[in-house]
Amino acid sequence: MATSLDLFIQEMRGLLTPDNVYIMNGSQEEAEELVGIAQESKVDGRIVLKKLNSDEYPNSYYHHSNPNDVARTEQLTFVCTTSKEQAGPNNNWMEPKEAKEKMIEFFKGAMKGRTMYVIPFVMGTPRSEYAKNCVQVTDSVYVALSMRIMSRVGKQAIERIDNSSNFFRGIHSIGDVNPNKRFVMHFPEENLVMSFGSGYGGNALLGKKCYSLRIASYLGYQEGWLAEHMVIMGVQSPEGGIMYFLGAFPSACGKTNLTLLEPVFKDYKIWTLGDDIAWINIGKDGQLYAINPESGFFGVAPGTGLSTNPVMMKTLKNNKFYPTLFTNTAIDNSNNTPWWEGVSNDIPSNLNDWQGREYDKNSGKPAAHPNSRFTVSIYNCPTLSSEYDNPKGVPISGIIFGGRRKDTIPLVYEAKDWSSGVFSASTIGSETTAAASGQLGNVRRDPMAMLPFCGYNMGDYFQHWLNIGKRVKTPPKIFVVNWFRKDENGKFMWPGFKDNSRVIKWMLNRIEGKVGVRECEIGLFPQENSIDLIDLDIKKETMEKLLKIDREDWKKEISMIEEFYAKFGNKIPVDLINHLSDLKKKFGG
Ligand code: SAT
Ligand code: MN
């Protein structure tokens, strides 16, 4: 009897008419075979993978993408629910039938002359009741290999899919990498994503943002759990206990660096569980537990180096899991290694830029694309937590929300309770960086860092967060941080990176009830001298400025929040409206 997976493959064969079908089993031999194929084939005029210097970077391969295909395309990303209101003002919407017809036209015969890779995969450790069964078809061997790093591909997935009535289906073709024929369409009601015309991570590895955030957040809303754009990390203190934190930050706030941090305190240690996505469930004991559905890092290369993220550099040079991929970095021809801004201080003299052209140091342009990436297994990470594969996940004691703000938001504060924490999280904003857009320093609101990833109406999403808090026995403490506050001369006041462990230590002490707080208008602030500043040369006045509440700034902040909330009309929960009016009263805004 044909299994449900067989039926799906048959249907895809009929639609896409590939010359060959390759069903992945997740084995090492298969990875080697696919790498072999990728080294011999050209797609879109480029060799798919080139081997890098294995003494420096073992098992590592280089990939160039089409210069028109280097990032997620939010404007071409749609959530296709029955009603527009379900998708909310935070999503592009298209009527499901219309969207599907459009995509089917693109997909018809799209794999003629190509191989269709069938990728059965599980998001989450396969033994976990929280894990989800998925399958993606693609005509990109680069995508197939990347999926193998980022998710659990293979036999266990096939078994789980065959025993289930419902599994996620992802249909992907790179087409001819034409930006005018590029769409990422989500059908949450059907557990389906159709993506055409791009080979880039977030557009093409459908287990990542498409499934594990947009579709999964929708499922979580139906089923009573949360799919979040968050890191997961364990913090070990000298007493030996490990507490687990989640952290949500918009891009360019150092999320990956945070989870792989080496604390400044020798007797503290951070254990890594995930750098991008967390699925959060209420466990049998009534507490919150998180799993990382992914099994790899798809990290931004520029800015990663021995001083900013030594653990990631070790991860990239580890050869446990095969292979590691580098995409759109520069190449140092003298030793065939990937190179990017921040990996070394001096620029090698014999460099090719991310498009393979000889690099001109005086061009003023970076050699690596600012969004160049590495794709590496989490099992290569030397600080991987021993709890990473625990099917129950890890119990969460604290949730950190942050953004990049030169003013207004203090270095750290604690929310009074869950509902005030949800309010703060719903107002998180971050300054746009030069790389992301021309308008430097504009504040873009990005609630819970989920604006581009929430697969349903964000007003409903806020209410869902509030409801979860009511169901949890002891909700974790919620903290807000801002590592990026500047002084009147435009200089960062906080050193950041490793020194962020000082703030995390304070959070740990708060959770353990070891330090008190002072109550301010916006939340609970560190008492004087309660953040451990040992061996750090920072003035008392600087610490005061880092924690200062500027009333004028807050008046402006409140009106920006009001403006943002207004987009969601009456969908904003009453609780959050009340928090906002309380704040207004306090600041007289
Ligand atoms: O651009 S991706 O979605 O692939 C990665 C990210 O933004 O975290
Ligand atoms: Mn992300």
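Before moving on, here are some points about what is shown:
- Filtered residues of region 372-388 (kept if surrounded by fewer than 21 Cβ atoms within 10 Å (Cβ to Cβ) and not in a helix (DSSP H, G or I)): P382, T383, L384, S386, E387
- Scanning region 506-520 for residues that are assigned to a helix (DSSP H, G or I) and over 21 Å from R404 (Cα atoms) returns L508, N509, R510, I511.
- Positions within region 521-576 being among the polar types (S, T, N, Q), assigned to a helix (DSSP H, G or I) and over 31 Å from the mean Cα position of the chain (by Cα), in sequence order: T542
- Region 208-226, residues that are aromatic (F, W, Y) and either within 16 Å of ligand 1 (Cβ to nearest atom) or over 16 Å from G88 (Cβ atoms) (or both): Y211, W225
- Criterion applied to D460, D487 was being more than 16 Å from ligand 1 (Cβ to nearest atom), of a type outside the set (F, W, Y), open to solvent by 20 Å² or more (accessible area, probe 1.4 Å) and over 26 Å from E521 (Cα atoms), and the one residue passing it is D460.
- Only residues that are of a type in the set (F, W, Y) and assigned to a strand (DSSP E or B) were counted across region 394-434, and they come to 2.
- Tally, over region 1-32, of residues that are assigned to a loop (DSSP other than H, G, I, E, B), within 17 Å of K108 (Cβ to Cβ) and polar (S, T, N, Q): 1
- Region 40-150 holds helices (runs of 4 or more DSSP H) entirely within its bounds, and those carrying 1 or more residues that are farther than 26 Å from A290 by Cβ and within 16 Å of ligand 1 (Cβ to nearest atom) map to 141-150.
- Here the condition is being open to solvent by 30 Å² or more (accessible area, probe 1.4 Å), closer than 18 Å to G207 by Cα and of a type in the set (F, W, Y); of Y130, Y142, it holds for Y130 alone.
- Set S164, S198, S217: member being in contact with a Cys (Cβ under 6 Å, 6 or more places away or on another chain) and polar (S, T, N, Q): S217
- Among (1) more than 29 Å from the chain's Cα centre (by Cα); (2) closer than 30 Å to L219 by Cα; (3) open to solvent by less than 60 Å² (accessible area, probe 1.4 Å) - the single one V70 does not satisfy: (1)
Here's the yes/no breakdown for (1) in contact (Cβ under 8 Å) with a residue 40 or more places away in the chain; (2) within 16 Å of ligand 2 (Cβ to nearest atom); (3) not assigned by TED's automatic domain parsing to the domain that holds E521:
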| residue | (1), (2), (3) |
| --- | --- |
| L325 | yes, no, yes |
| W339 | no, no, yes |
| G356 | yes, no, yes |
| G393 | yes, no, no |
| G403 | yes, yes, no |
| D407 | yes, no, no |
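- Residue in region 296-347 that is nearest to the chain's Cα centre (by Cα), counting only those that are open to solvent by less than 10 Å² (accessible area, probe 1.4 Å) and of a type in the set (F, W, Y): F297
- Each residue in region 254-271 was checked for being under 24 Å from R72 (Cβ atoms) and either outside any loop (DSSP other than H, G, I, E, B) or open to solvent by 20 Å² or more (accessible area, probe 1.4 Å) (or both), and 6 pass.
- Unique match (being of a type outside the set (S, T, Y) and farther than 30 Å from Y268 by Cα) among G247, G202: G202
- Residue within region 12-22 that is within 30 Å of N318 (Cβ to Cβ) and open to solvent by less than 80 Å² (accessible area, probe 1.4 Å) present: yes
- Residues located in region 295-352, provided they are under 17 Å from T272 (Cα atoms) and of a type in the set (S, T, Y): S295, T304, T308, T315
- Restricting the search to strands (runs of 3 or more DSSP E) fully inside region 160-253 and requiring at least 1 residues that are within 16 Å of ligand 2 (Cβ to nearest atom) and open to solvent by 10 Å² or more (accessible area, probe 1.4 Å) gives an empty result.
- Meets criteria (outside the structural domain of I174 (by TED's automatic domain parsing) and either at positive phi or touching a Cys at 6+ places or on another chain (Cβ under 8 Å) (or both)) for G283: no
- Filter result (crowded, with 20+ Cβ neighbours inside 10 Å and of a type in the set (S, T, Y)) within region 74-102: T77, T81
- Residue match in region 266-281 (condition: out of contact with any Pro (no Cβ under 7 Å at 6 or more places or on another chain), of a type in the set (D, E) and away from ligand 2 (no atom under 16 Å from the Cβ)): no
- Candidates T259, T272, filtered to the one that is touching a strand residue (DSSP E or B) at 6+ places or on another chain (Cβ under 7 Å), within 14 Å of ligand 1 (Cβ to nearest atom), under 30 Å from Y142 (Cα atoms) and among the β-branched types (V, I, T): T259
The values are calculated or read from the model by the stated rules, or taken from the named source; none is laboratory data. Because the structure is a prediction, the values reported are computed rather than measured. Neighbour counts run over all protein chains shown; Cβ positions are idealised from the backbone, glycine included. Just so you know, the surface numbers come from the protein's heavy atoms only, side chains and all, with ligands and any DNA or RNA stripped out. Shrake-Rupley method; radii C 1.70, N 1.55, O 1.52, S 1.80 Å.
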